[in-house]
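Asker: Let me begin by handing over the structure; questions about it come next.
The values are calculated or read from the model by the stated rules, or taken from the named source; none is laboratory data. Remember, it's a predicted structure, so these values are computed and weren't measured experimentally. Quick reminder, even Gly has a Cβ in these numbers, built from the backbone with ideal geometry, and neighbours come from all protein chains shown. Note: accessible area is taken over every heavy atom of the protein model, side chains too, but ligands, DNA and RNA are not part of it. Shrake-Rupley method; radii C 1.70, N 1.55, O 1.52, S 1.80 Å.
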Amino acid sequence: MRASNACISTDPGSYFPPVILTIEPYMERSIPEKIQRVIGPLPGHREARAFSTFALIGGLVACGLSLYYGFRGETFMGRPMGSDFVQFYAAGKLLNQHQPALIYDIPAFSKLQHQVVPEMSPTQMLVFGYPPVVSALFRPFALLPYRWAYCVWLVFSLAIYTSGLWLLFRSLSRASYRRTAFLLALSAPMYTLETWMGAQLSVIGFFAVVLFLCCFERRWPLLAGLALGLATYKPSLVAIPAAVMLLGGCWRMLAGLSVSSALMILASIAASGVNGLWLWILRLRVFGVYATTNEAILRRTKYVDLNSFFTVLLGAGSLERAIATVATSVAFLILGWNWWRSRHQATHEAQRYLWAATLTWTMMINIYVPVYDTILLVPAAALVACSLANADQRQQAGLQVWLIILWLAPWLTQSWADYLRLQILTVVLAGFGYWALKLARAAAASEVAAPREDALRDAA
């Protein structure tokens, strides 16, 4: 053993001094340093680009096979072509036929889905839980045959996502990091396998958050709130941000969010009338019941919120539900308290970390959040990386470790949830969000201490 790592005491009265003094240098190391000591140097840009390129190629191959079997009228890995796209296509088709009320009529809507995709299992159906304005978005797609409409959606989704990535990393990343960040975000399975191939609307919410952050970086709070309101199509995505705006005194942001949410409601009324909007509200109540009771309609292993986490881990009994409620409440109180304190310490850097934690924990402390919504981790990680661009080596290593975990965890989380009953992505969300909150407190403290040090220096 090297002399720098051990010091043997000769004092006969000391108790286990050799062991204590030997491990002291190890205990003083940070967690990233301990990880590097075990596994060696952490992956750099070259390794990250190589891994993400191989993953992206794998995603493209899977998508190509899905299209090949889909055009032959067959399923791929037990799933019909387009997955959830059939519900959006059917909703657009009903609006084109001037039958908006049937969008929320489960028997009629299910019948249309099976007509559009005959290879769907007779027992399978997708319940439309989005506002009528979403169905209006798919009216042009419904003018095409289903398979070709899905191909156009793939192009549309990819264009929205890559445009969001370009805006995000252009605003929040160094030029030397952009290529690596772009490849990592594009190849993440939460986008390629869940959102892109699964034809999910998460790209709309992702783009809204990116616009929100771009306006936030330019100190345009009203426009930031207006941009975030584009995600109101899924109220669970904006409920927590709206709450922290209130607690943190972000009044102009909250005003912008309120305006765009009102416009979204008016657009839904224009698409299907007041009755269509009311039917959607009733549908939300049904989904709320499914999420907070023992109903088995939701595949819990595909969800990352604390409610689903404890249901998968412990079961769906009343005690387990109470544990989930307490954990969710505690997490919200921690987040809310940090925002409340920020009223008097509203530095831009500290608020970056707070928004990173908010975006991360929004997926954890909601009623139900599917795994494809976790593409919001990309802007959260970009916020932290932007603030740590000039940080010391220890914080840079910590960020590097977290980026590795955030990219790897989605590849493992589904199998762990199915077979080990542990949704590890929820644990990652909790850890990354808490780390961002610690960075926010440290940034606020340093900003408070700096004027005091200047005053003491001037006095001296």
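Asker: Find out how many positive minus negative residues lie around Met364, taking Lys and Arg as positive, Asp and Glu as negative, among other residues whose Cβ is under 14 Å from that of Met364.
Answerer: -2
Asker: Normalised radius of gyration for the range 187-336, please: alpha carbon Rg relative to 2.2 N^0.38 Å, two decimal places.
Answerer: 1.18
Asker: What order do Lys93, Lys111 take when sorted by accessible area (1.4 Å probe), most exposed first?
Answerer: From most exposed to least exposed: Lys111, Lys93.
Asker: Relative to the Cα centre, what is the charge dipole magnitude of the range 89-186, using +1 at the beta carbon of each Lys and Arg, -1 at the beta carbon of each Asp and Glu, and rounding to the nearest 20 debye?
Answerer: Roughly 480 debye for the range 89-186.
Asker: Follow-up question, since we're still on this one. Return the loop-located GluC sites (Glu not before Pro) in the range 257-363 (DSSP other than H, G, I, E, B) with at most 14 other Cβ atoms within 10 Å of their own Cβ; answer none if there are none.
Answerer: Glu295
Asker: Can you give me the pair-distance distribution of the range 305-413, C-alpha pairs, 5 Å bins, whole percents?
Answerer: 2, 11, 17, 19, 19, 16, 9, 5, 2, 0
Asker: Also: Compactness ratio of the range 304-367: Cα Rg over 2.2 N^0.38 Å, N = residue count?
Answerer: 1.33
Asker: What's the center-to-center distance, using Cα atoms, between the range 113-177 and the range 383-407 in Å?
Answerer: Using only Cα atoms, the two centres lie 32 Å from each other.
Asker: Now a separate question. With a 1.4 Å probe and every protein chain kept in, tell me what percent of the accessible surface of the range 228-331 is carbon plus sulfur.
Answerer: Percent of accessible area from carbon and sulfur atoms in the range 228-331: 73.
Asker: From the square roots a ≥ b ≥ c of the eigenvalues of the alpha-carbon gyration tensor of the range 344-396, which class results: rounded (a/c under 1.5), prolate (a/b over b/c), or oblate?
Answerer: Since a/c reaches 1.5 but b/c is at least a/b, the shape of the range 344-396 is classed as oblate.
Asker: Could you rank Leu102, Leu60, Leu313, Leu425 by how accessible they are, 1.4 Å probe, largest area first?
Answerer: Descending accessible area places them as Leu60, Leu313, Leu102, Leu425.
Asker: Go through Arg421, Arg147, Arg394, Arg283 and list them by solvent-accessible area, largest first, probe radius 1.4 Å.
Answerer: Arg394, Arg421, Arg147, Arg283
Asker: Roughly how many Å² is the accessible area per residue of the range 263-367, as a whole number, for a 1.4 Å probe?
Answerer: Per residue, the range 263-367 has 47 Å² of solvent-accessible surface.
Asker: Something else about it: Each residue of the range 247-262 in turn: what ³J(HN,Hα) in whole Hz from Karplus with 6.51, -1.76, 1.60 and θ = phi - 60°, glycine and Pro shown as x?
Answerer: For the range 247-262, the Karplus-derived couplings read 5, x, x, 8, 5, 5, 4, 5, 5, x, 4, 5, 5, 5, 5, 5 Hz, x marking Gly and Pro.
Asker: Follow-up. Rounded if a/c is under 1.5, else prolate if a/b beats b/c, else oblate: with a ≥ b ≥ c from the C-alpha gyration tensor eigenvalues square-rooted, which is the range 152-258?
Answerer: oblate
Asker: Here is a follow-up. What accessible area, in Å² to the nearest ten, does a 1.4 Å probe give for Cys214?
Answerer: Solvent-accessible area, nearest 10 Å²: 20 Å².
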